[in-house]
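For reference, the structure is listed below as structure tokens.
The values are calculated or read from the model by the stated rules, or taken from the named source; none is laboratory data. Remember, it's a predicted structure, so these values are computed and weren't measured experimentally. Here Cβ is always computed from backbone atoms with ideal geometry, including for glycine, and neighbour counts include all displayed protein chains. Only protein heavy atoms, including side chains, enter the accessible area calculation; ligands, DNA and RNA are left aside. Shrake-Rupley method; radii C 1.70, N 1.55, O 1.52, S 1.80 Å.
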Amino acid sequence: MLQILTPRGELVGDRPVDLDDAADLYGEMVFARTYDRKGVALQKQGRIATYAPFEGQEAAQIGTAITLEPGDWMVPSYREPAAMWMHGYPMELVLATRRGTEMGGSPPASVRVLPPSIPVGSHMLHAVGLAWAERLQGTDRVAITYFGDGATSEGDFHEAMNFAGVFKAGCVFVCQNNGWAISLPRAEQTAAETIAAKAVGYGMPGVLVDGNDVFAVLAATSAAVARARAGEGPTLIEALTYRMGPHSTTDDPKRYRTDDELAEWRERDPLERLRRYLEAEGSWTPEWQAELEREGSARVERAVELAEQIQPFTAGETFDAMFAELPDSLLGQRAMAEEL
Amino acid sequence: MATLTIAQALNQALDAALTDLDDVLVMGEDIGRTGGVFRITDGLRDRHGPQRVVDTPLAESGIVGVGLGLALAGIRPVMELQFMGFSYPAFDQIISHVSRMRHRSRHRFTAPLVIRMPYGGGIGAAEHHSESTEALYAHIPGLKVVVPSRPGDAAGLLRAAIEDPDPVIFLEPIRLYRSVKEELPDLASVPLGSAAVERHGTDITLIAWGAMMKETREAAEKLAASGISAEVVDVRSLAPLDITTIAASVSKTGRAVVIHEAPRTAGLGAEIIAQLQEHCAYDLEAPVKRVTGWDTVVPLKMSEQHYTPSLERILAATTEVLES
Ligand SMILES: Cc1ncc(C[n+]2csc(CCOP(=O)(O)OP(=O)(O)O)c2C)c(N)n1
């Protein structure tokens with residue numbers, strides 16, 4: 001397993017970025033956590049619908065998304081808001097989707113991020129098609145796609161890996177293996193020793209990285225993106241991580257996992273290890289931490305305000321995004337819906 | 001002017017689309033080197049190269065899901081699934097993603113793609129090779145579903161489907177691939193969403209599509225021979241349904257029979273009859289009848305004739321409607 005920073009914050013490999021950039025990464029991770037905790041709170045207040053927390057997975061998301069360039073494609077699932085906004089997706093739109101309107105699914109034209117996929121596993125194929133299309137069109141754009149360990153049991157995961165291998169699609173598959181698929185532990189999801197090992201069967205490299213080590217994640221993803229950009233094909237990255245909270249705001253993890261397990265993973269917190277490192281390097285102070293949290297809170301609050309201003313579509317507008325041009329049959333139904 | 005079969009017309013339409021439109025890519029299982037199970041893509045790989053006529057791995061969900069990705073990035077994929085009975089592994093991609101991409105992104109991401117699939121029985125094929133479950137697709141919001149029954153429409157609808165900015169399910173009647181010939185003046189596009197009144201009459205309207213047009217045409221001939229003037233409507237577009245054309249015909253004749261090969265329950269016959277109730281109930285002089293396949297698995301070759309609506313069943317239903 002690739003590790004550059006130990007849980008105690010000691011450097012055991014080559015740091016992939018300079019100290020200033022490392023501090024920026026830390027800032028993004030603090031911001032992600034601030035957002036995530038706010039998400040849980042908003043759900044409790046009934047201001048957003050079901051929320052899928054990602055506390056613990058900040059390094060896996062920030063460390064991968066930061067390696068992309070603006071024209072690259074991102075195909076997320078539902079647990080990657082941090083990756084999405086790192087790639088330009090407006091935070092208020094992420095929140096708007098959570099509030100329950102498709103208006104959140106439409107980022108600005110320059111932001112190449114698909115709306116997050118809810119059916120597990122199926123979206124990875126789209127990343128393969130996107131990456132292949134870019135190659136056909138002579139660009140070096142790549143596509144990155146995110147999914148959990150549970151998703152690797154779905155048939156579409158295998159079809160996506162297989163197509164990507166055959167067509168040498170510039171696609172980076174990022175499995176955020178957070179240990180659980182709702183209540184099913186990884187060990188009952190697959191008999192394979194690692195998920196990264198599955199890459200072999202599809203003719204691509206599989207890389208196991210410490211997903212709570214943002215340096216390791218960044219190094220592995222940079223290499224995979226460079227490989228994809230150079231036309232050398234896809235890579236599967238397994239970022240070994242853990243979700244500290246429930247699967248979603250509707251479930252109770254106490255039913256399936258122990259406090260000991262949780263405590264063990266707390267020790268490996270991605271934020272804490274980078275903090276320790278930065279502190280040792282003289283780049284972290286409690287004042288800075290407080291400032292990051294204050295700024296982060298304000299930024300999230302602004303996004304929430306904007307999200308709450310986004311109006312849902314009307315009965316009639318429900319029809320307007322079904323087709324480029326509405327057929328007569330739908331025009332009739334539209335009129336009926338508007339009358340009510 | 002060339003006289004072409006449906007299979008030849010489709011091949012020419014694909015060839016023309018690959019020639020005229022740089023962004024078209026034809027993909028599917030065995031469609032390159034062999035030209036597909038029914039040879040619809042015959043010769044295209046040689047003419048347009050393996051980059052544009054692509055043999056894919058054997059994985060329907062993969063084909064459609066990757067095709068959607070291609071479409072999202074500006075390529076127009078025309079996918080072939082070998083038989084309708086093998087489209088079900090791709091059903092999830094079609095319903096969960098292809099059909100709703102535009103809606104869930106409020107037009108920001110769209111899926112201009114075509115999924116072609118041979119459908120229907122009558123050739124004594126193996127198990128899973130004779131399905132006509134078009135209602136499954138016509139039921140899904142966000143999809144267009146078309147079925148040609150003659151070469152001109154096959155070419156014209158395919159061209160329109162390829163140029164359409166939304167996803168189109170393109171059903172090809174296996175039984176008619178090589179049995180209907182027609183002169184094609186040119187490969188003009190035929191608008192999606194339009195039914196065709198293919199024969200004019202005054203006593204009764206026969207409504208059908210795809211492979212069942214064969215028996216329906218024969219029925220109209222037989223009826224004509226006994227002095228009954230049947231109007232024949234080829235529905236052609238199952239979604240959206242051109243109820244205006246269908247209802248106008250039924251209003252005129254006052255009587256109708258809907259004929260489809262698909263299972264009876266929740267088939268499109270039920271939908272068409274419901275819409276006739278909404279549009280022209282007061283013009284009806286008799287209840288509308290359906291002649292359909294049964295709610296059974298399509299039997300294999302030796303018993304298949306029990307399943308597919310026959311000329312006799314159509315004539316019997318027509319007589320009942322005319323007499324009531
Ligand atoms: C096709 C499909 N089946 C079931 C579900 C319900 N479901 C939502 S999340 C989930 C578990 C996914 O686990 P994993 O892939 O490990 O991702 P994680 O949620 O842990 O990030 C399930 C079963 C779904 N969304 N899609």
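Structure summary
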| item | result |
| --- | --- |
| Selection status of A:T152, open to solvent by less than 10 Å² (accessible area, probe 1.4 Å), within 15 Å of the ligand (Cβ to nearest atom), β-branched (V, I, T) and outside any helix (DSSP H, G or I) | no |
| Set A:V166, A:V142: member being touching a Phe, Trp or Tyr at 6+ places or on another chain (Cβ under 9 Å), in contact (Cβ under 8 Å) with a residue 60 or more places away in the chain and either over 22 Å from B:E60 (Cα atoms) or among the aliphatic types (A, V, I, L, M) (or both) | A:V142 |
| Residues (open to solvent by 10 Å² or more (accessible area, probe 1.4 Å) and either part of a strand (DSSP E or B) or more than 16 Å from the ligand (Cβ to nearest atom) (or both)) located in the stretch A:44-72 | A:K44, A:Q45, A:G46, A:R47, A:I48, A:I66, A:T67, A:L68, A:E69, A:P70, A:G71 |
| Options A:D328, A:D269; residue that is open to solvent by 40 Å² or more (accessible area, probe 1.4 Å) and of a type outside the set (K, R) | A:D328 |
| Test set (1) surrounded by 15 or more Cβ atoms within 10 Å (Cβ to Cβ); (2) more than 14 Å from every other protein chain (Cβ to nearest Cβ); (3) in contact with a helix residue (DSSP H, G or I) (Cβ under 9 Å, 6 or more places away or on another chain) - A:T285 fails condition number | (1) |
| Of residues in the stretch A:310-325 being open to solvent by 60 Å² or more (accessible area, probe 1.4 Å) and without any contact (Cβ under 8 Å) to a residue 60 or more places away in the chain, the one farthest from B:H139 (Cα to Cα) | A:T314 |
| Residue match in the stretch B:114-132 (condition: more than 25 Å from B:G267 (Cβ to Cβ) and either touching a helix residue (DSSP H, G or I) at 6+ places or on another chain (Cβ under 6 Å) or assigned by the TED database to the domain that holds B:G267 (or both)) | no |
| Residue under evaluation A:S222, criteria (1) under 17 Å from the mean Cα position of the chain (by Cα); (2) surrounded by 19 or more Cβ atoms within 10 Å (Cβ to Cβ); (3) not aliphatic (A, V, I, L, M), criterion not met | (2) |
| Subset of the stretch B:180-199 that is out of contact with any strand residue (DSSP E or B) (no Cβ under 6 Å at 6 or more places or on another chain) and among the hydrophobic types (A, V, I, L, M, F, W, C) - its residue that is nearest to B:L10 (Cα to Cα) | B:L187 |
| Residue list for the stretch A:106-133, restricted to those being within 7 Å of another protein chain (Cβ to nearest Cβ) and buried (at least 24 other Cβ atoms within 10 Å of the Cβ) | A:L114, A:P115, A:S122, A:L125, A:H126, A:A127, A:V128, A:G129, A:L130, A:W132, A:A133 |
| Restricting the stretch A:134-148 to residues that are crowded, with 24+ Cβ neighbours inside 10 Å and over 15 Å from B:L72 (Cα atoms), the residue that is farthest from the ligand (Cβ to nearest atom) | A:Y146 |
| Matching option when the condition is of a type in the set (A, V, I, L, M), touching a Phe, Trp or Tyr at 6+ places or on another chain (Cβ under 8 Å) and touching a residue at least 12 places away in the same chain (Cβ under 8 Å), among A:L271, A:L262, A:L240 | A:L271 |
| A:T235 vs. criteria away from the ligand (no atom under 15 Å from the Cβ) and either more than 26 Å from A:R273 (Cα to Cα) or surrounded by 24 or more Cβ atoms within 10 Å (Cβ to Cβ) (or both) | yes |
| Extreme residue, nearest to the other protein chains (Cβ to nearest Cβ), among residues of the stretch B:59-89 that are of a type in the set (D, E, K, R) and buried (at least 24 other Cβ atoms within 10 Å of the Cβ) | B:E60 |
| Strands (runs of 3 or more DSSP E) wholly inside the stretch A:157-245 containing at least 3 residues that are within 23 Å of A:A133 (Cα to Cα) | A:171-177, A:235-240 |
